[in-house]
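Encoded as structure tokens, the structure appears first; notes follow it.
The values are calculated or read from the model by the stated rules, or taken from the named source; none is laboratory data. All values reported here derive from a predicted model rather than from experimental measurement. Ideal geometry is used to build each Cβ from the backbone, glycine not excepted, and the neighbour counts take in all protein chains shown. Ligands, DNA and RNA are stripped out before the accessible areas are found, and what is left, the full protein with its side chains, is counted by its heavy atoms. Shrake-Rupley method; radii C 1.70, N 1.55, O 1.52, S 1.80 Å.
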Amino acid sequence: MKLIIITGVSGSGKSSVIKHMEDMGFFCIDNMPPALLTKFAQMFYSENSLFSSNVAVVIDIRGGHMFGELKDALKELKELNYKYELLYLDTSDDVLIKRYKETRRKHPLDSANSERSLVELIVDEKEQLRYLYVKADYVIDTSELTPKELKNKINSIFSLTRNKSSINITVESFGYKFGIPLDADLVFDVRFMPNPFYDERIKELTGNSEKIQNFVMNADYSVEFMDKLVDMIKFLIPYYIEEGKMRLVIAIGCTGGKHRSVTVANKLYETLNSESEYSVSVSHRDIGKQ
């Protein structure tokens with residue numbers, strides 16, 4: 001039995017996440033008042049609990065002045081030894097502004113007599129949520145995610161069929177020109193590797209192509225780096241598991257996220273995926289960008 005608390009900035013996709021988790025078999029409650037969290041946890045974890053499934057609840061700034069009670073509620077859960085996992089959804093300010101303009105929704109902190117701009121409201125909300133961001137077990141930046149990609153991330157984290165004694169590993173390629181993934185636990189820079197971008201014959205291909213992979217790996221230092229990277233990751237994984245970490249995001253970056261990072265991410269995925277006790281997935285965040 002698992003209790004998942006979902007929070008994060010308004011407009012980051014919490015409604016989509018809670019709907020998808022309901023489809024996954026979770027019992028879901030949206031916009032729960034923080035004052036009810038401890039009582040709900042007592043009911044959920046009681047010997048005579050009527051719950052037969054895992055539970056996900058959304059608690060966020062929509063609770064108004066009641067939201068301030070969440071910090072004490074989380075502290076009380078810890079004192080009572082009621083285990084929970086905290087999922088935080090984040091989004092960049094510019095994307096949030098764009099989403100609010102497109103939907104024409106009112107920000108939860110925008111009161112009737114408020115003269116604050118949307119930017120000021122977003123900054124205020126993030127400041128109020130900062131302690132939750134730091135405390136979160138999982139942070140997902142939805143700025144560049146499509147609904148399908150967000151769904152896949154939720155699946156990879158909270159799949160009810162995964163081996164609980166193991167760890168879920170995501171290997172993600174990215175381009176530094178588009179920013180480092182905010183949910184990355186480990187980040188590796190592979191911009192030192194041979195760059196196919198300067199070969200006109202293959203520059204339009206991606207790291208999913210064998211020609212690109214051969215180009216990138218056609219250097220002794222590329223092969224040596226790959227061997228050392230795999231050895232280090234394999235060394236670290238058991239210690240992450242021992243620490244209780246259930247999800248590990250390994251980000252591999254090059255300039256544009258199309259050639260070198262994709263090649264290395266694919267090769268790391270193939271190696272780790274051969275370890276049957278691990279659940280491993282690979283994604284290429286910026287492979288289609290120019």
TODO: Taking the dipole about the Cα centre of segment 1-68, with the C-beta of Lys and Arg at +1 and of Asp and Glu at -1, give me whichever of I61, F27, S49 is farthest to the positive side.
DONE: I61
TODO: May I ask you to give the percent of accessible area on the chain that is carbon plus sulfur, with a probe radius of 1.4 Å?
DONE: 50
Task: Test item: Cα-centred dipole of segment 1-103, Lys/Arg +1 and Asp/Glu -1 on Cβ, debye - done: 40
Task: Set of lysines near K234 by C-alpha distance (under 24 Å), chain-local residues within fewer than 8 positions excluded - done: K153, K164, K245, K267
TODO: Would you give the gap between the C-alpha center of segment 216-290 and the C-alpha center of segment 14-75, rounded to a whole Å?
DONE: 34
- [ ] Please calculate how many Å² of accessible area segment 1-56 carries per residue, with a 1.4 Å probe and no DNA, RNA or ligand atoms counted.
- [x] 46
Task: Overall Cα dimensions of the chain, principal axis frame, Å, largest first - done: 60, 50, 28
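What is the dipole size for the chain, taken about its Cα centre, with +1 at each Lys and Arg Cβ and -1 at each Asp and Glu Cβ, in debye to the nearest 20?
Approximately 560 debye in magnitude.
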Task: Alpha-carbon Debye profile of segment 20-120, log10 I(q)/I(0) at 0.12, 0.19, 0.20, 0.23 Å⁻¹ - done: -0.54, -1.07, -1.13, -1.30
Task: Accessible solvent surface per residue of segment 171-290, calculated while the other protein chains remain in place, 1.4 angstrom probe, Å² - done: 51
Open item on the list: Would segment 115-207 count as rounded, prolate or oblate if I go by the C-alpha gyration tensor, calling it rounded below 1.5 in a/c and otherwise prolate when a/b exceeds b/c, oblate otherwise?
Closed with: oblate
Task: Ellipticity estimate at 222 nm from DSSP helix runs (n ≥ 4, -39,500 (n - 2.57)) divided over the chain, nearest 500 - done: -12500 deg cm²/dmol
Task: Coil-residue GluC sites (Glu not before Pro) of segment 157-264, DSSP, other Cβ within 10 Å capped at 12 - done: E200, E204
TODO: Subtracting the Cα-Cα distance from 0.36 nm times the residue separation, let me have the gained length for V230 to K39 in nm, one decimal.
DONE: 64.2 nm
